[in-house]
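Input: a single structure, listed below in structure tokens.
The values are calculated or read from the model by the stated rules, or taken from the named source; none is laboratory data. Because the structure is predicted, anything quoted here is derived from the model rather than measured. Cβ sites come from the backbone with ideal geometry, for glycine too, and all protein chains shown count toward neighbours. We work out accessible area using only protein heavy atoms, side chains counted, and drop any ligands, DNA or RNA first. Shrake-Rupley method; radii C 1.70, N 1.55, O 1.52, S 1.80 Å.
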Amino acid sequence: MSISGATDPVETATKPDGIVQARGISKTYDGGIQALEGIDLGFPKGELTTLLGPSGCGKTTLLKIIAGLLEPSAGTIIVNGRAVTGPGPERAFVFQDFALMPWASVLRNVAFGLELRGMSRHERHAIARSYIAKVGLAGFEERYPHELSGGMRQRVGLARALAVDAEVLLMDEPFSAVDEQTRRKFQEDLLHLIQSENKTFIFVTHSIEEAVYVSDQVVLLTPRPGAVSRVIRTGLDHGGSPEELRRNKRYLDMVEEIWQMLREYLV
Amino acid sequence: MFEKARSIFLPVAGVLVLLAATIGQSAPAQAKPVRIAFGDIASVESLNFLIALERAKERSVEIDVTFFKSEDIAAQAVVGGHADIGVGTPYALLQKVKAPIRMFFQLSALRFYPIVNTEYYKGWKDLDGEEFVVHSRGSGTEAIMNLMAKREGITFKRLSYVPGSEVRAGAMLQGNIRATIVDAPNRNLLLEKGGDKFMVLPMEGVDASDEALYASTDFLESNPETVDILVEELLTVWREINKDPDYVTAQRKKYGLLADLPAELEPEIIPYFTESAKSGAFPVNGGGPEAVKTDFEFYAIAGQLQGNPTSLKIEDFWYLGPLDKAQNKLGRM
Amino acid sequence: MTTRDFEPVGRGGPFRPLSSTAVWRLASFVLVFGAWEFAGRVPISPAFPTFGATMAALFQMTLDGSMGRAYLSTLQPLLIGLLISGVFGILAGVAMGLSRLFEFFVAPVFIVLQAAPVAALIPLITFIYGIGLTAKVIAVCILAAPVIVLNSYKAVRNASPSLIEMCRAFQGSRVQVIAKIILPDASPLIFAGLRLGIAAGFIGVVLAELLITPTGIGDLITYHRSVADYAEMYAAIFSIVAFAAITVSSLQKLETMVFRPEKKEG
């Protein structure tokens, strides 16, 4: 199977519409390394889209450009019809390394986005407490990050992103620093969250199973410079039980199919 | 574990250092050459001493001079057995520590000059109730000023301390201080640069030792020939200088001493020795019982010696044998 | 979501026996002072007092007020110098960490100062600033400031890029990034620099008191040495060493209490 850029999608061509749109995004770093080339993508509202690709393909770079943390060398990101010039209140980021302030309690970490907005202590703590409970950390409000396991720390990172009530959640390999059992549990919890929160998720991973398991739409990127290779709609029902989903034939076939596509890059 | 390892390291290191020091102490101290601990860097003022050492070397005494930062540290070297002969006036050390050490030759008498800014003071009486700057607490200059205050019937508001004649002279020139006491070169400097602005106050009859040679009794008793040669040569050189200060420049040339002395300091050699000799800074008889008695009085006032000066015994501080012998040989003056 | 598998890690129980660190520390003190007493009794030198005699002298000097007077005078240049070095040192270091331009102009001065054998500069200070309090304050600053400046600078420069990015992602302004992320993240290193600076300041003030004019502790050391009261001299040295050690370790405790609450337990 030959793969040649973004013009030959397997299932549905995602038109550049949706709440978040990438238009002609290219990125070349100062050292001359080109990370991304000509990315055109749409991220439908209320869905979870995964950016999947071999390591070094620029998926995290694309996510940070969407977040407004990096500037693209060419192209524009449109969120809610407006061009992105930097971080904005409608987007929140969950970091691969958690990025928790070690000197701050769980409560302050979760409330940090609101603290930066100048919300009163009382108000932001109330909101933070509710999200801490939502991610299953009730009772840990006064603990410090170093007292928590890796999985718990990422729940804090997630609660912090949720607390600012952004429409779009950008998650950069959020489970990569977490052990396998915790990761599975986390994936299941994430699916519940998507159902209940009605937010748009953009998710970076290098795990095919994870991508198919949690996504409505999977974007395959080519190796550096990253370009869109395929956009696949999973068409899976994420509302059912996790056991069902993991045994679902369509799920298993799709994992296999994507693996066949990706393995070509791994020479 | 690292924390523990580190906390144990320091004391262990400490014990090792102390043990090493103990062992070093017990090592024999009579090995040649004679180790002399000098409490100052070599300068014009030490030329006379250096000449005497050269002459002793000609009489096959091996000498190894080490220059220390201060007399106190040089004294520690002698007490610790790291040097055989020291230069200074360690009266307090001898009395308090009861180290088996004796002085055996008076190199120089204290020659300091009280000097005042004439804008504020014209004589001793004007200093009553005023501040006066001396070298340091317990120093000879402090003792001189206490002695003079007693004689003149005045009391200072307080004595403050600035070590180093050149530093005090500098402070006088800058106007930071109004009255102090300095050595001869700095007195000359002040009079030369300040003219009428400064005035030396008259002072007579203060004759205590400034520097003397001392060594452990063990060394003095087991190296009589060396000590005798050293004392004879010192006495000879001192007498020559008192006769004719030019002797210093001639001998300096002969032995190539202080070869790297800056040219602008060279003209200072003769005036310094001429003046010092004239003022009696270089005793012609190496001290002796009378000088020691004067020292007792003076250093008691200085606070270096405790107790009634008349009850102090010469033999507890001085070892006068070699000096006696040398005077018998070279004649008394 | 549940937390069934996650037990908190890294918490000590409420009751702890005397920690083994404390036992080792005590043992090391006993060993050092024991060795001192032993060395004084040998004696390794007639001028080396025993630990007991030194402590007796310390007690006597404390009672007769000479120790108190000495500290009153030593603490003046020390405190003034440390205050100046602390405030301006941290400000300069932080500014250097934040601005490349400032770094370019200021960093070399402090790098040279830190590498220089400062004791050799002290006579130079007296030429420029005379022999009074100013000269001693300068001596303290010259010793204390470089390490404070350079530590603050490195601390700020090495502040976690990940946390800074996080703050930006949540729309933190430049001021917020500095105040809420860079400074707290840098504070342990800044404080380490401050502790080192204070230790260096003690060196500075004692050097100044020994090399410029003998006041305070420097006077006690030189005076007692000149009159051969060695127990008193060692007592003065011991007291300033102990005082410096206690000051620096209390600062460490204060820092943990005030700035890094998460380090209090565990």
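So what are segment A:190-267's ellipsoid semi-axes, whole angstrom, largest first, if each one is the square root of 5 times an eigenvalue of the alpha-carbon gyration tensor?
23, 16, 9
Just to confirm the filter: which GluC sites (Glu not before Pro) across segment A:173-265 are DSSP coil and have at most 15 other Cβ within 10 angstrom of their Cβ? Working shown, then result.
On the way: sites: A:Glu180, A:Glu188, A:Glu197, A:Glu209, A:Glu210, A:Glu243, A:Glu244, A:Glu256, A:Glu257, A:Glu264; in loops: A:Glu264.
Of the GluC sites (Glu not before Pro), the ones in loops of segment A:173-265 whose Cβ has at most 15 other Cβ atoms within 10 Å are A:Glu264.
For the pairs B:Lys69/B:Lys98; B:Lys69/B:Lys150; B:Lys157/B:Lys197; B:Lys197/B:Lys243; B:Lys32/B:Lys325, note any where the Cα-Cα span goes beyond 27 Å.
Checking Cα-Cα distances, B:Lys69/B:Lys150; B:Lys197/B:Lys243 exceed 27 Å.
Need the C-alpha centroid separation for segment B:34-72 versus segment B:119-139, integer Å.
Centre-to-centre distance over Cα atoms comes out at 35 Å.
Treat segment B:38-148 as a sphere of radius equal to its Kirkwood radius over Cα pairs and apply Stokes-Einstein at 20 °C in a medium of 1.002 mPa s; give the translational diffusion coefficient in µm²/s, rounded to a whole number.
Translational D for this selection: 127 µm²/s.
What per residue convex hull volume, in Å³, comes out for segment B:176-294 when only alpha-carbon positions are used? Walk me through the numbers before you get to the answer.
Numbers: hull volume 20.8 nm³, N = 119.
Per residue, the Cα convex hull of segment B:176-294 comes to 175 Å³.
Chains C and A: what accessible area do they bury, summed, in square angstrom to the nearest 100, with a 1.4 Å probe? Don't jump to the answer; show the numbers that get you there.
Details: alone 16080 and 12190 Å², together 25130 Å².
About 3100 Å² of accessible surface is lost on pairing.
Report the calculated FRET efficiency for A:His122 and C:Leu251 (r = Cβ-Cβ distance, R0 = 45 Å), to the nearest 0.05.
0.85
Hey, in the GNM for chain C with a 10 angstrom Cα cutoff, which one of C:Thr134, C:Thr213, C:Thr21 fluctuates hardest?
C:Thr21
To the nearest 10 Å², what's B:Glu233's accessible area with a 1.4 Å probe?
Rounded to the nearest 10, that gives 10 Å².
Quick one: which residues, 5+ away or cross-chain, put their amide H under 5 Å from the amide H of B:Phe68? H built at 1.01 Å from N.
It is B:Phe38, B:Gly39, B:Asp40, by chain and number.
For segment A:111-234, treating each Cα as an identical point scatterer without solvent, what Debye log10 I(q)/I(0) comes out at q = 0.11, 0.14, 0.19 1/Å?
-0.43, -0.68, -1.11
What is the list of residues in segment A:70-108 whose amide nitrogen lies under 14 Å from a point 7 angstrom out from the Cα of A:Lys45, following Cα to Cβ?
So the set is A:79-82.
Kindly write out, for segment B:231-236 in residue order, the coupling ³J(HN,Hα) from the Karplus curve 6.51 cos²θ - 1.76 cosθ + 1.60 (θ = phi - 60°), rounded to whole Hz, with x marking Gly and Pro.
Couplings: 5, 4, 5, 4, 4, 4 Hz.
Determine, for each peptide in B:217-226, A:131-140, the mean count of other beta carbons within 10 angstrom over its residues, then list the peptides with the highest first.
Numbers: B:217-226: 16.1, A:131-140: 19.5.
Averaged packing, sorted descending, gives the order A:131-140, B:217-226.
Report the antiparallel proportion of the DSSP beta bridges in the protein assembly as shown as a percent, rounded to a multiple of 5.
55
Where both partners of a DSSP beta bridge lie in segment B:113-200, what percent of those bridges are antiparallel, to the nearest 5?
60
For segment C:64-263, place one equal point scatterer on every Cα, skip the solvent, and apply the Debye formula. What is log10 of I(q)/I(0) at q = 0.11, 0.13, 0.14, 0.15 Å⁻¹?
Values returned for q = 0.11, 0.13, 0.14, 0.15 Å⁻¹ are -0.57, -0.75, -0.84, -0.92.
What is the distance in Å between the Cα centres of segment B:141-182 and segment C:76-100?
Between the Cα centres of segment B:141-182 and segment C:76-100 lies a distance of 38 Å.
Count the lysine pairs in chain A whose Cα atoms sit under 23 Å apart, keeping only pairs 8 or more residues apart in sequence or on different chains.
Here the count comes out as 17.
Rule-of-thumb check for the protein assembly as shown: C-alpha Rg over 2.2 N^0.38 Å?
Relative to the rule-of-thumb radius for its length, the protein assembly as shown sits at 1.41.
With θ set to phi - 60°, apply the Karplus curve 6.51 cos²θ - 1.76 cosθ + 1.60 along segment A:46-60 and write out the HN-Hα couplings as whole Hz, x wherever there is a Gly or Pro.
x, 10, 10, 10, 9, 9, 10, x, x, 5, x, 8, x, 5, 5
Over the alpha-carbon set of chain A, divide Rg by the Kirkwood Rh and report the Rg/Rh ratio to two decimals.
Computed over Cα atoms, the ratio is 0.97.
Rounded, prolate or oblate: which one fits segment A:171-227, using the alpha carbon gyration tensor with axes a ≥ b ≥ c (rounded when a/c is under 1.5, else prolate when a/b beats b/c, else oblate)?
Working: a/c = 2.25, a/b = 1.35, b/c = 1.67.
Because a/c hits 1.5 or more and a/b fails to exceed b/c, segment A:171-227 counts as oblate.
What does the charge add up to near B:Gln174, with Lys and Arg as +1, Asp and Glu as -1, over the other residues with Cβ less than 13 Å from its Cβ?
+3
Tally up the carbon and sulfur contribution to the accessible surface of chain C as a whole percent, 1.4 Å probe, everything protein left in place.
72
Please state the relative contact order of chain A as a whole percent: Cα pairs under 8 Å, 6+ residues apart?
Value for chain A: 27 percent.
Evaluate segment B:34-78: find the radius of gyration of its Cα atoms, find its Kirkwood radius, and give the ratio Rg to Rh.
With Rg and the Kirkwood Rh in hand, the quotient comes to 0.99.
Kindly write out, for segment A:176-191 in residue order, the coupling ³J(HN,Hα) from the Karplus curve 6.51 cos²θ - 1.76 cosθ + 1.60 (θ = phi - 60°), rounded to whole Hz, with x marking Gly and Pro.
Each residue of segment A:176-191 in turn: 6, 9, 10, 6, 4, 4, 4, 4, 4, 4, 5, 4, 4, 4, 5, 4 Hz.
When a/c is below 1.5 the answer is rounded, else prolate if a/b is larger than b/c, else oblate, so apply that to segment B:194-257 with a ≥ b ≥ c taken from the square roots of the Cα gyration tensor eigenvalues.
oblate
Quick one, can you get me the convex hull of the C-alpha atoms of chain B expressed as volume per residue in Å³?
Considering the Cα atoms of chain B, their hull volume per residue is 183 Å³.
Of the candidates C:Arg25, C:Arg174, C:Arg100, which one comes out as most mobile in a Gaussian network treatment of chain C with C-alpha springs shorter than 10 Å?
Ranking C:Arg25, C:Arg174, C:Arg100 by mean-square fluctuation puts C:Arg25 first.
State the Cα centre-to-centre distance between segment A:60-117 and segment A:161-209 in whole Å.
Each part reduced to its Cα centre gives a spacing of 15 Å.
Please give me the summed charge of the neighbours of B:Gly138: other residues whose Cβ is under 13 Å from its Cβ, Lys and Arg +1, Asp and Glu -1.
Net of charged neighbours comes to -3.
Two decimals, Cα atoms only, Kirkwood Rh: what is Rg/Rh over segment A:107-172?
Ratio of gyration radius to Kirkwood radius: 0.94.
Dividing the convex hull volume of the alpha carbon atoms of segment B:113-200 by its residue count, what do you get in Å³ per residue? Before the final figure, lay out each step's value.
On the way: hull volume 6.8 nm³, N = 88.
Considering the Cα atoms of segment B:113-200, their hull volume per residue is 77 Å³.
Roughly speaking, what % of Cα-Cα pairs in segment A:227-267 are separated by over 14 Å, rounded to a whole number?
55
At a Förster radius of 22 Å, what calculated FRET efficiency corresponds to the Cβ-Cβ distance of A:Ser196 and A:Ala138, to the nearest 0.05?
Details: r = 17 Å, r/R0 = 0.77.
The value I calculate is 0.85.
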